[in-house]
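First comes the structure, then the notes that go with it.
The values are calculated or read from the model by the stated rules, or taken from the named source; none is laboratory data. Here the structure is a predicted model, which means the values were calculated and not measured. Backbone-built Cβ (ideal geometry, glycine too); neighbour counts: all protein chains shown. All accessible areas refer to the heavy atoms of the entire protein, side chains included, with ligands and DNA or RNA removed. Shrake-Rupley method; radii C 1.70, N 1.55, O 1.52, S 1.80 Å.
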Amino acid sequence: MEKFFVKFKDNRNYPIMIFFGLFDCVGCFFPLVFGDRVMIITNTCLANLHLKGLCKKLIEYGVNVDYVVLPDGERYKSFKTLDNIFFSLLKKNHGRDTTILSFGGGVIGDISGFVASVYQRGVRLIHIPTTLLSQVDASIGGKTAVNHKLGKNMIGSFYQPSSVLIELNYLKTLSKREFSSGLSEIIKYAVVFDVCFFNWLENNLDLLFDLDVSAITYCIRKCCELKSNIVVFDEFEKKDKRSLLNFGHTYGHAIEAFMGYGNWLHGEAISVGMMIAMHTSNFLGYFSKNDIDRVKKLFVRANLPIRGPNNMLPKDYFDYMVRDKKNVSNKIRLVLPIYLGCAKIFSDVDNDIIVSSIHCCSN
């Protein structure tokens with residue numbers, strides 16, 4: 001087991017624990033104690049595969065368990081879903097001493113976090129992320145949200161969990177497509193923050209696909225530490241440091257919204273978004289064509305797309321980009337890499353450059 005703490009300056013902290021064999025660890029469900037009540041939020045896919053085992057372990061631990069099973073997919077990250085969860089919590093008389101246990105990928109984590117942040121003005125939250133993307137990104141940092149038809153993650157809150165429990169065995173049941181989607185966020189960390197990690201990925205990507213114990217444990221811990229350091233420094237995204245985590249997301253979220261949530265996986269849209277952003281930086285005189293080629297080759301090896309949807313025009317990107325959460329005074333702000341391991345935020349990039357960048361990644 002790997003364990004480290006996310007530590008905030010005001011003495012708030014929570015553990016991130018990485019396991020091969022979560023249920024074999026005594027005390028793994030920290031901070032739950034005997035007699036606690038838990039509402040598990042999961043989806044149909046996870047319910048069929050793993051929910052029975054999780055409930056059994058929690059009951060053995062002395063915890064009272066209820067659960068809500070949601071349909072699987074990004075399009076269910078909605079107000080209607082929230083209302084269904086609140087109805088279940090109220091119907092079963094869950095109070096402020098209840099713990100919300102998020103059991104699933106990024107969609108489940110975002111919904112569960114938002115529920116925990118507002119139900120009876122805030123209850124305890126534990127994440128058990130089951131996808132690679134959620135293990136390295138979505139479960140860490142306290143961002144919660146649901147989608148609106150006019151934009152992704154537009155209604156949400158910042159709300160930190162009490163613990164994050166990462167069971168690596170769950171990765172064995174992921175589809176190849178879902179696994180590749182998670183690799184997109186891993187590559188993002190390397191491009192933006194750590195060139196040595198990027199070099200490591202170039203040399204070890206095949207081991208990640210093989211779920212090599214040493215490689216996958218190192219990779220996930222590295223990503224969790226990189227994100228944790230940023231979150232602790234800029235929890236509420238007010239110093240621009242945390243915004244760097246949105247590299248590729250301004251373009252990528254536009255793809256997700258235009259195509260209909262769930263038709264493109266998040267990591268797939270973000271890989272194209274990063275490709276476009278790298279070309280934008282190159283047009284501005286920064287990120288080199290050699291570095292673009294290195295990242296592009298890594299995306300291809302990771303089975304990620306490098307070109308946007310056939311039917312999506314530059315105008316379609318702009319329709320969503322103008323509503324991006326990073327924008328200030330209605331100006332589009334883009335996270336662009338300067339070189340491998342370094343990125344900055346740019347405002348007022350000329351629209352012609354944005355259009356040219358999109359064309360570079362169009363079919």
Could you tell me which Cys residues in the chain have no other cysteine's Cβ under 4.7 Å from their own Cβ, answering none if every one has a partner? C45, C55, C196, C219, C223, C224, C342, C360, C361
How high is the FRET efficiency from V118 to N64, r the C-beta distance, R0 30 Å, rounded to 0.05? 0.85
Taking only C-alpha pairs under 8 Å that are 6+ residues apart, what is the relative contact order of segment 83-175 in percent? 27
Size-normalised alpha-carbon gyration radius of segment 51-194, reference 2.2 N^0.38 Å: 1.05
Describe numerically, in nm with one decimal, the distance between label points set 7 Å from Cα along Cα→Cβ at F20 and at K315. 5.4
Pulled fully out, how much extra length does the chain show between D212 and M1, if you take 0.36 nm times their separation in residues and subtract their Cα-Cα distance? 74.5 nm
Please give every one of the aspartates and glutamates within straight-line cross-link reach of K297, meaning a C-alpha to C-alpha distance under 20 Å, and leave out same-chain neighbours fewer than 8 residues apart. E178, E185, D194, E202, D206, D210, E268
Simple spin-label model, 7 Å along Cα-to-Cβ: F30 to N327 in nm? 4.4
Can you give the accessible area per residue of segment 66-211, in Å², using a 1.4 Å probe? 37
Solvent exposure of segment 217-363 as accessible area per residue, Å², 1.4 Å probe: 42
Taking one equal scatterer on every alpha-carbon of segment 208-288, how large is log10 of I(q)/I(0) by Debye at q = 0.16, 0.19, 0.22 1/Å? -0.86, -1.05, -1.08
Can you check what the net charge comes to around V123, using other residues whose Cβ is under 12 Å from the Cβ of V123 (Lys, Arg +1; Asp, Glu -1)? +2
For a quick check: with amide H placed at 1.01 Å from N, whose amide H comes under 5 Å from V68's, ignoring anything fewer than 5 positions away on the same chain? I40, I41, T42
Where the Cα atoms of segment 114-273 are projected onto their three principal axes, how long is each span, largest first, in whole Å? 45, 35, 34
Rough spin-label spacing in nm, given labels placed 7 Å along Cα→Cβ, for K92 and R301: 4.5
In vacuo Debye sum over C-alpha of the chain, base-10 log of normalised intensity I(q)/I(0) at q = 0.08, 0.10, 0.13, 0.15 Å⁻¹, listed in q order, is -0.37, -0.59, -1.00, -1.33
Relative contact order (percent) for the chain, with alpha-carbon contacts under 8 angstrom and 6 or more residues of separation? 15
At a 1.4 Å probe, what is the % contribution of carbon and sulfur to the accessible area of segment 1-140? 53
Shape of segment 219-361 from its Cα gyration tensor (a ≥ b ≥ c, root eigenvalues): rounded if a/c is under 1.5, otherwise prolate when a/b > b/c, or oblate? rounded
Provide, for q = 0.10, 0.13, 0.19 Å⁻¹, the log10 of I(q)/I(0) from a solvent-free Debye sum over equal Cα point scatterers in segment 1-128. -0.31, -0.54, -1.17
Rounded to the nearest 10 degrees, what's the angle between the helix 266-283 long axis and the longest principal axis of the chain, both from Cα atoms, 0 to 90? 30
